Amino acid sequence: MGKELNQVKNKIQKLLFKKALIDEELEPLFMQEKELEDQEIIVICRKNNITIEDLMNKVNKDKENKKVKIEKEKASENYENEK
């Protein structure tokens with residue numbers, strides 16, 4: 001039983017090491033992906049004559065609308081539960 005346990009622990013260690021290497025390689029890729037997405041957003045905005053300020057205003061307005069919608073749904077659920 002001791003030999004099998006050691007084998008399992010060694011396999012776990014090897015996999016954790018591989019995971020650490022993968023995580024190390026993924027981090028710069030995630031950063032690059034974010035930068036490229038940001039650049040793409042800027043290109044699309046320029047192409048459609050939209051300022052970043054206009055875009056941010058729309059995003060903030062959409063967030064507020066979603067928040068209000070969620071609050072209304074919760075209020076409606078609470079009202080239904082009280083019946």
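The values are calculated or read from the model by the stated rules, or taken from the named source; none is laboratory data. All of these numbers come straight from a predicted model, not from anything done at the bench. Neighbour counts run over all protein chains shown; Cβ positions are idealised from the backbone, glycine included. The protein model used for the area step is the full one, side chains on, heavy atoms only, and it has no ligands, DNA or RNA in it. Shrake-Rupley method; radii C 1.70, N 1.55, O 1.52, S 1.80 Å.
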Exercise for review: Say whether the condition of being open to solvent by 100 Å² or more (accessible area, probe 1.4 Å) and not in a helix (DSSP H, G or I) is met by at least one residue in region 36-57.
Suggested key: yes
Exercise for review: Enumerate the pairs (first residue in region 51-66 and among the acidic types (Asp, Glu); second residue anywhere and surrounded by 10 or more Cβ atoms within 10 Å (Cβ to Cβ)) with beta-carbon separation below 9 Å, excluding pairs fewer than 6 apart on the same chain, so at least 6 apart or on different chains.
Suggested key: Asp54/Cys45
